[in-house]
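See structure below.
The values are calculated or read from the model by the stated rules, or taken from the named source; none is laboratory data. All values derive from a computational prediction rather than experimental measurement. Neighbour counts are summed over all protein chains in view; Cβ atoms, including those assigned to glycine, are modelled from backbone coordinates with ideal geometry.
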Amino acid sequence: MEMHFDQHISRQFNEELEGLKTEMLEMGGLVARQVADAVDALANADSELAEKVLQVEEEIDRCEMELDEHATLIIAKRQPAASDLRMVMSVIRNARDLERMGDEASKIAKMAIALTDEGTAPRGYTEIRHIANAVRKMLDDALDAYTRFDVEAALKTLAEDEQVDMDYRSAIRELITYMMEDPRSISRVMNVLWTLRSLERIGDHAKNICEQVVYLVKGADIRHGNKKNLR
């Protein structure tokens, strides 16, 4: 669905709304790069790349605060209504989710450093790569759906979270069984478990962005599985 915010008398208002959207998508690109780098740092035992991820965290935090400030100013100055207000509110919510994804990426980077220091590749890297690829695709697709205000694409991406959750639960069961069979592996595998948990949460936040696409375009709140509002 095409949505255009160019019908206002004030050209400046149009530019403010477009600027807000652009800022949010730029933040999304930064977070997507951070998640990819964190996973690569872990897979390649690259502590230098992991440190780079940790340094980016402050920039992401600053992006969220700036977006929140700009959105608040628009609400105060323009008193937007209908789709304009939904646009502003969706940006605020998305920025919060993106910031939390950045936090999870930083956790993965810390796990990468810990595992690199231990020097041995633990069980679970295959599961990490598989789930990380799925989650990264979800995030890219969610941001793309928001860019195009594409409800159908958002719903399709949202549904992918169910498979991520299934894969996550399966990986957890396998790793817990492995630790029970080899107690010496517990400390290493625990870092893998926490990494998988962070990836699963990133998927949840990507799902939230998809829900905001539906909210923005349709005015329907489908959070918490409340799909009846979509009808």
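Scanning segment 136-153 for residues that are part of a helix (DSSP H, G or I) and more than 17 Å from Val35 (Cβ to Cβ) returns Ala145, Thr147, Arg148, Val151, Glu152, Ala153.
Residues in segment 65-119 that are within 30 Å of Ala45 (Cβ to Cβ) and either at pLDDT 95 or above or part of a helix (DSSP H, G or I) (or both): 22 in all. List every residue pair whose Cβ atoms lie under 7 Å apart, where the two residues are 6 or more positions apart in sequence or sit on different chains, the first residue falls within segment 124-141 and is free of Cβ contacts under 8 Å to residues at least 60 places away in the same chain, and the second residue, located anywhere, is acidic (Asp, Glu). From segment 124-141, the pairs are His130/Asp167. Residues being assigned to a helix (DSSP H, G or I) and in contact with a Phe, Trp or Tyr (Cβ under 9 Å, 6 or more places away or on another chain) are represented in segment 154-170 by at least one member.
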